Amino acid sequence: MATKSVQLESKFVTVEGVRIHYQEVGEGAPLICIHGAGPGASSASNFKNNTPVLSEKFRVILYDMPQFGKSEKVAIDEGRLTFNGRILKGFMEQINVEKASFLGNSMGGQAALKLAIDNPERVERLAVIGSTPVALSVFNPQPLEGIKMIAGYYKGDGPSREKMRALVETLVYDSSFLTDDVLEERYQSSIDPEVLDLHANRQKPLPKQDLLFELSKIKAKTLLIWGLDDRFGALDIGLTMLRYIQGA
């Protein structure tokens, strides 16, 4: 049976001077969905196919992190997870959500984990997909193949449709649903003039934040979702998180 489509209206709030874009649909307990950090990513691109089902039970909020989607392309000059966790808390304050559950993909999951560490009272439950807030893998050399592809997307000859196709095909297990329209939408988002300017002129490289010894502070029930052959996040990092997060 086909799933009904839902209409998503763009909304904006300002947090610490940063314009944040979000969309929402449904009623019930708030569920904030946060995308990964790949070129052209947004919460709509990551979760729009899940939204019709999720919105049957939840108030689904699709949140674009700073630098992505329609949120402001602001340069970050501190730890990325510290920044994103704090902006996420401010976003919740702006939309009058005291406490929420989170569905986070990759970097989006890391932002939600950092929020749960710094502000546990804000987080009901967590589900994170291939999120790697731990710097060291025992079994895999770092960075993994997919992370190298993200890092190299804006370098060399710059963005291209060929780079985007290779990147997105590496992200997924089954690439049969990756139509030309899906790839073109993501590619066009990745070459937004403000995005190009950010990567070329304003955003300096940031060291990876390691949350290993903070993970035990997370109080929320946490579901860790991992692909066995994930080419962006080492599986043993997921197993390490399983041991450190009390309710995982």
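Throughout, read-outs are computed from the coordinates displayed, never taken from laboratory work. On a predicted model such as this, the values are computed, not experimentally measured, just so you know. We place every Cβ from the backbone using ideal geometry, glycine too, and count neighbours over all the protein chains shown.
Order of 32-43, 119-130 by packing, highest average Cβ count within 10 Å first?
On the way: 32-43: 25.2, 119-130: 19.2.
Packing order, densest peptide first, comes out as 32-43, 119-130.
Using the Cα centre of the range 68-209 as the reference point, and only Cβ charges (+1 on K/R, -1 on D/E), how large is the resulting charge dipole? Debye, rounded to the nearest 20. Let's see the in-between values first.
Working: 18 positive and 20 negative charges, 99 e Å.
Dipole magnitude for the range 68-209 comes out near 480 debye.
Dividing the alpha-carbon Rg of the range 151-248 by 2.2 N^0.38 Å yields what?
Ratio of Rg to 2.2 N^0.38 Å for the range 151-248: 1.39.
Can you list the residues, at least 5 places off or on another chain, whose amide H is less than 5 Å from the amide H of A100, using H built in the peptide plane?
So A100 has HN proximity to V123, E124.
Considering just Cα atoms, how many Å³ per residue does the convex hull of the range 1-59 enclose?
That works out to 102 Å³ per residue.
Can you give the three extents of the C-alpha atoms in the range 94-177 along their principal axes, from longest to shortest, in whole Å?
Principal axes ranked by extent give 44, 33, 26 Å for the Cα atoms.
Which distance in nm do the two modelled labels at L136 and T82 give, with both placed 7 Å along the Cα-to-Cβ direction?
2.2
Helix-only estimate, please: 222 nm mean residue ellipticity of the chain, summing -39500 (n - 2.57) across DSSP H runs of length 4 or more and dividing by its residues, to the nearest 500. Walk me through the numbers on the way to the answer.
Numbers: 9 runs with 81 residues, N = 248.
Roughly -9000 deg cm²/dmol at 222 nm, from the helical runs in the chain.
Total Lys pairs in the range 44-131 closer than 18 Å by alpha-carbon, pairs eight or more apart in sequence or interchain only? Kindly include the intermediate steps, with their values, before the conclusion.
On the way: K48/K57; K48/K70; K57/K99; K89/K99; K89/K114; K99/K114.
Total qualifying Lys-Lys pairs in the range 44-131 comes to 6.
What distance in nm separates the simple spin-label points at N201 and E124, each placed 7 Å from Cα in the Cβ direction?
In this crude spin-label approximation the distance works out to 4.4 nm.
For the range 203-212, take each phi angle, set θ = phi - 60°, evaluate the Karplus expression 6.51 cos²θ - 1.76 cosθ + 1.60, and give the result in whole Hz per residue in order, putting x for glycine and proline.
8, 7, x, 10, x, 6, 7, 9, 9, 3
Quick one: what does P(r) look like for the chain with 5 Å bins over all Cα pairs, in whole %?
Computed distribution, short to long bins: 1, 6, 13, 18, 20, 18, 14, 7, 1, 0.
Take the eigenvalues of the Cα gyration tensor for the range 31-164, scale each by 5, and report the square roots as semi-axes in whole Å, largest first. Don't skip to the answer; put the middle values down first.
On the way: eigenvalues 128, 62, 47 Å².
Value: 25, 18, 15 Å, ordered largest first.
Dipole magnitude of the chain about its Cα centre, charges +1 at Lys/Arg Cβ and -1 at Asp/Glu Cβ only, in debye to the nearest 20?
Computed about the Cα centre, the dipole is about 500 debye.
Tell me which of I95, S42, L81 sits at the most positive position along the dipole axis of the range 1-118, charges placed on C-beta atoms (Lys, Arg +1; Asp, Glu -1).
S42
Given charges of +1 on the Cβ of Lys and Arg and -1 on the Cβ of Asp and Glu, with all other atoms neutral, how large is the dipole of the range 16-79 about its Cα centre, in debye to the nearest 20?
On the way: 6 positive and 8 negative charges, 50 e Å.
Computed charge dipole of the range 16-79: roughly 240 debye.
For the residue pair L212 and E185, what label-to-label distance in nm results when each label sits 7 Å from Cα along the Cα-to-beta-carbon direction?
Once both label points are built, they end up 3.9 nm from each other.
Tell me, in nm to one decimal, what length is gained between V6 and E56 on full extension, where the rule is 0.36 nm per residue of separation less the Cα-Cα distance?
Details: separation 50, 0.36 × 50 = 18.00 nm, distance 1.06 nm.
Stretched out fully, the V6 to E56 stretch lengthens by 16.9 nm.
Just to check I understand the Karplus step: with θ = phi - 60° and J = 6.51 cos²θ - 1.76 cosθ + 1.60, what whole-Hz values come out for the range 61-68, glycine and proline as x?
Each residue of the range 61-68 in turn: 10, 8, 10, 8, 5, x, 5, 10 Hz.
Name the residue from L198, Y244, L178 whose Cα lies farthest towards the positive end of the charge dipole of the range 135-248, charges +1 on Cβ of Lys and Arg and -1 on Cβ of Asp and Glu.
Y244
Grab the Cα-Cα distance for S160 and E145, subtract it from 0.36 nm times how many residues apart they are, and report the gain in nm with one decimal.
Details: separation 15, 0.36 × 15 = 5.40 nm, distance 1.81 nm.
Residue separation times 0.36 nm, minus the Cα-Cα distance, leaves 3.6 nm.
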